């Protein structure tokens, strides 16, 4: 059948089909355009977020050279964007930390498993050193082949310095605690159980550290002096006093009575009730002996006076 012989209805049907196909194509193009716009908007949104976060985001190739990074990486390392692009991690680490990063990235490459946290040191452009906490994972292409790494880095220098200061403070405290000339103990207030004791307290009562930690202060307190703590401890727990002093008697392991002066102070966190206390124990046995002798001498002198 030639074109001239085609009927009018056939032409109308073909025209209708062609019109529908054009509309479908226009709709498909419109949907694709909307999807592309939405994708670009999402990319812009993610890019804006990446550029505004405080932590550094980076991408490197298999050799460890920067291929993408946010502004925080520039701030952390102290280099401009142009200077950092293509820079290798060995250019801002010393030999030891460079090797540490190499081993970590090599592990990620071999296993495919991301690293959760790696602490290492970097050297900024101005020569100052910072402690960095970083994590990384593998980047694969559409064929599943490894092509690089992506990760986050965070400046933890202030935290590390605070931890170091705290460690030194603890060492200093423990040195004083262990070597001081008076007895010192940490006690659980509810039970009187010894939690920590120093060398001097062990010497004072003739017991080993293990023996003291297995007992309570009540065990070695003279029975007649046990009541002395009750009232003051109640005031301490109520927050009406910040510490208290008292004189009482201890009984050493071999039965010798030792007079001591105690200073008891609670260990209190701002939002918690005190559960422990620090007790400083001073041996006043000699002072008590001298006071007793003076009292005896005064008493005897009084008896010999003429009536």
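The values are calculated or read from the model by the stated rules, or taken from the named source; none is laboratory data. From a predicted model like this one, the values you see are computed outputs, not experimental measurements. Cβ placement follows ideal geometry from the backbone for every residue including glycine, while neighbour counts extend to all protein chains displayed.
List of remarks:
- Among the residues of this structure, residue 57 does not count as one that is crowded, with 16+ Cβ neighbours inside 10 Å, modelled with pLDDT of 95 or more and at negative phi.
- Strands (runs of 3 or more DSSP E) within segment 108-202 that include 1 or more residues at pLDDT below 95 and under 27 Å from residue 95 (Cβ atoms): 115-123, 129-140, 146-155
- Extreme residue, farthest from residue 121 (Cα to Cα), among residues of segment 60-97 that are touching a residue at least 24 places away in the same chain (Cβ under 8 Å) and touching a helix residue (DSSP H, G or I) at 6+ places or on another chain (Cβ under 6 Å): 64
- Only one entry of 141, 155, 106 meets the criterion of being buried (at least 16 other Cβ atoms within 10 Å of the Cβ) and either in contact (Cβ under 8 Å) with a residue 40 or more places away in the chain or not assigned by TED's automatic domain parsing to the domain that holds residue 284 (or both), and that entry is 155.
- Residue match in segment 216-238 (condition: closer than 22 Å to residue 267 by Cβ, modelled with pLDDT under 85 and assigned to a loop (DSSP other than H, G, I, E, B)): yes
- Restricting attention to segment 121-148, the residues that are over 22 Å from residue 61 (Cβ atoms) and touching a strand residue (DSSP E or B) at 6+ places or on another chain (Cβ under 9 Å) add up to 6.
- Yes/no for residue 165 being under 27 Å from the mean Cα position of the chain (by Cα) and either under 18 Å from residue 260 (Cβ atoms) or surrounded by 11 or more Cβ atoms within 10 Å (Cβ to Cβ) (or both): no
- Counting residues in segment 296-303 that are at pLDDT below 85 and surrounded by 13 or more Cβ atoms within 10 Å (Cβ to Cβ) gives zero.
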